[in-house]
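Q: Mind looking over this structure? Questions follow.
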Amino acid sequence: MEVDLARYDDLLHRIYASALDPSAWAPTLSAIADAFDARRAVLFTFMHGPDRDGFCVTHNLPQEQLEAWAEVSQAEDPYVQALLHRGLLIDGAAYEGSEMVPRDQLVRSRMYRDLWVPLDIDQLCVGIVFDGSDAHKLPTVMTVYRGARDRAFDAAEVDLLRRLLVHMSRALGVMFLLRGAEQQVASTRSALDRLASGVVLLDRRGGVQFANAAARSLLQRADMVRLVSHGRSQPDRQPDRLAPVSRRPAIVAAFRRAVASAIAAPQDDADAEHFSQALVLPDEDGKPACVMHAAPLGPAPGLSAGGAQARAIVFFRDLNSGTAVDPAVLRQLFGMTAAEARAAWQLLEGGSAEEMAGRLGVSINTFKTQLKAAYAKSHTRRQADLLKLMLSLVAG
C-alpha cells in the first residue's frame with residue numbers, strides 16, 4: 001500500500017490541528033481510517049475512561065458496541081492482554097493483529113464472538129501512541145479494523161502507522177499538557193498563562209513569540225534555561241531564542257535538535273522524535289532540574305499575534321517548583337522494595353553511579369542490582385526512561 005505525499009501531508013496537518021481542537025480528532029480519525037482502507041477505527045485511552053480524564057474517539061463504531069466492549073473487560077480482550085503481558089506496550093510501536101494474538105486464540109475469545117462478528121470485524125492494525133510510562137500522558141492506542149473479506153494489513157501499512165504515531169504522539173502530547181484543571185485545552189495566550197507548566201511559542205526561525213507566566217519566571221531565573229539575543233540593532237534585531245544554561249556539548253546539541261525538529265515542516269518526519277523523548281535539563285550544578293518537550297504547532301489563531309503564526313510549542317516542567325517524590329510512593333505504585341525505591345530516587349539527585357552508591361552507603365554492584373530491579377518493576381528499560389518516569393511523578 002502506498003499513500004501519496006499530498007494525502008500524507010493532509011493527514012499530518014489534520015493531526016496537528018487536532019491538538020488545540022479536540023473536536024477535530026473525529027474527522028481526523030476518519031481520514032486516517034480511509035487512508036488505510038479500514039472500515040472502522042478507534043483512538044482511545046484504553047485503561048482510562050472519560051470519568052478518569054481519558055478520552056475515546058471512534059470512526060463507524062456504534063456506542064452500544066463500545067459499551068459492550070467495556071463490559072467484556074480488559075481481562076477478556078486478548079489484544080489488551082498481549083499488550084500488558086508480552087511487553088508490547090511500547091511508545092511508537094505498531095503491530096498487525098496476528099503478531100499479537102494467534103488466529104485460533106482470537107476466534108475462541110468472547111470479544112471476537114460477541115463484538116467483532118456482529119460488526120464484521122475480523123482483523124486489525126494497532127499502534128501505541130503512549131505506553132503510560134509518563135504519568136502526564138495516559139496509555140493511548142489507535143486501532144484500524146477490516147472485515148473478513150478485506151485484504152490483510154501488510155508490512156507497508158504497519159510502517160505507515162508507525163510513522164503517523166510519531167506525529168500523533170506530538171499532537172496528543174501537546175493536548176494533554178495544555179489541559180487545565182477542568183480538562184479544557186488552553187487555546188489562547190491568556191489561557192496559557194493559567195497553566196502551571198512553562199509554555200513558550202516559537203516562530204519559524206526558533207525565535208520566542210510568547211512565554212506564559214510560568215515560563216517567564218523560569219527564564220528570569222536563568223538557572224536552567226535562558227534567552228539568547230540575536231541581531232544587534234533595530235530594525236534587524238531578531239526575537240530572542242532559547243538556550244540551555246548547561247554548557248555540556250551533549251545537552252546543547254540535544255536542545256538544538258529538539259527545537260529544530262519542532263519548527264521543521266510536519267512532513268519532514270525523517271528526524272521527528274516521539275513526544276515521549278523528553279529532554280531532561282540540568283541546573284548549573286548538574287542536578288536534573290527541568291523537563292522539556294518540544295512539538296510542532298498546528299493552526300492556532302488564538303495563540304498568534306500581529307499576524308505571525310506560531311510554528312512550535314515548548315513545555316518546561318520545573319522540578320524545583322514541585323514536591324520531591326517520596327520513595328514510599330514508588331513502593332506503593334510499583335511494588336519496589338525500600339532499597340530499590342531509594343536507588344531509583346537517587347536519579348533525581350544526579351551524579352555518577354559511584355556517587356549515587358556512595359550517598360546510599362552501598363557498593364556500586366549493589367546499587368546497580370537495585371536499580372536493575374527498579375527498572376523491571378517500573379516497566380522501564382534504561383536509566384533515562386526511569387528518570388523520566390520519576391520526573392513526571394515529581395512534576396505531577
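Q: Can you name every residue in the stretch 237-264 that is of a type outside the set (K, R) and out of contact with any Leu (no Cβ under 9 Å at 6 or more places or on another chain)?
A: Of everything in the stretch 237-264, those that are of a type outside the set (K, R) and out of contact with any Leu (no Cβ under 9 Å at 6 or more places or on another chain) turn out to be Q238, P249, A250, V252, A253, A260, S261, A264.
Q: Would you check which residues across the stretch 1-55 are polar (S, T, N, Q) and free of Cβ contacts under 8 Å to residues at least 60 places away in the same chain and list them?
A: Residues satisfying the conditions are S23, T28, S30.
Q: Can you say whether A295 is more than 22 Å from A215 (Cα to Cα), of a type in the set (A, V, I, L, M, F, W, C) and at pLDDT 80 or above, as far as the supplied structure shows?
A: So A295 fails the test.
Q: For F176, state whether it is in a loop (DSSP other than H, G, I, E, B), touching a Phe, Trp or Tyr at 6+ places or on another chain (Cβ under 9 Å) and open to solvent by less than 20 Å² (accessible area, probe 1.4 Å).
A: Here the answer is no, as F176 does not meet what is asked.
Q: For F210, work out the one condition from (1) open to solvent by 10 Å² or more (accessible area, probe 1.4 Å); (2) farther than 30 Å from S30 by Cβ; (3) without any contact (Cβ under 8 Å) to a residue 24 or more places away in the chain it doesn't fulfil.
A: (3)
Q: Further question: Please go through the stretch 317-353 and give me each residue that is modelled with pLDDT of 85 or more and in contact with a helix residue (DSSP H, G or I) (Cβ under 6 Å, 6 or more places away or on another chain), ordered by number.
A: Residues satisfying the conditions are G335, M336, A339, E340, A341, R342, A343, A344.
Q: Next question. For S197, indicate whether it is in contact (Cβ under 8 Å) with a residue 60 or more places away in the chain, of a type in the set (S, T, N, Q), in contact with a strand residue (DSSP E or B) (Cβ under 7 Å, 6 or more places away or on another chain) and within 25 Å of P299 (Cα to Cα).
A: The answer is yes for S197.
Q: Tally time: how many residues in the stretch 255-283 are at pLDDT 80 or above and open to solvent by 20 Å² or more (accessible area, probe 1.4 Å)?
A: 11
Q: What residue, among those in the stretch 3-21 that are of a type outside the set (K, R) and open to solvent by 60 Å² or more (accessible area, probe 1.4 Å), is farthest from L297 (Cα to Cα)?
A: Residue satisfying both the conditions and the ranking: D4.
The values are calculated or read from the model by the stated rules, or taken from the named source; none is laboratory data. This structure is a prediction, so every number in the text was calculated from the model and none was measured. A quick note on method: Cβ atoms are made from the backbone with ideal geometry, for glycine too, and the neighbour counts reach across all protein chains shown. Ligands, DNA and RNA are stripped out before the accessible areas are found, and what is left, the full protein with its side chains, is counted by its heavy atoms. Shrake-Rupley method; radii C 1.70, N 1.55, O 1.52, S 1.80 Å.
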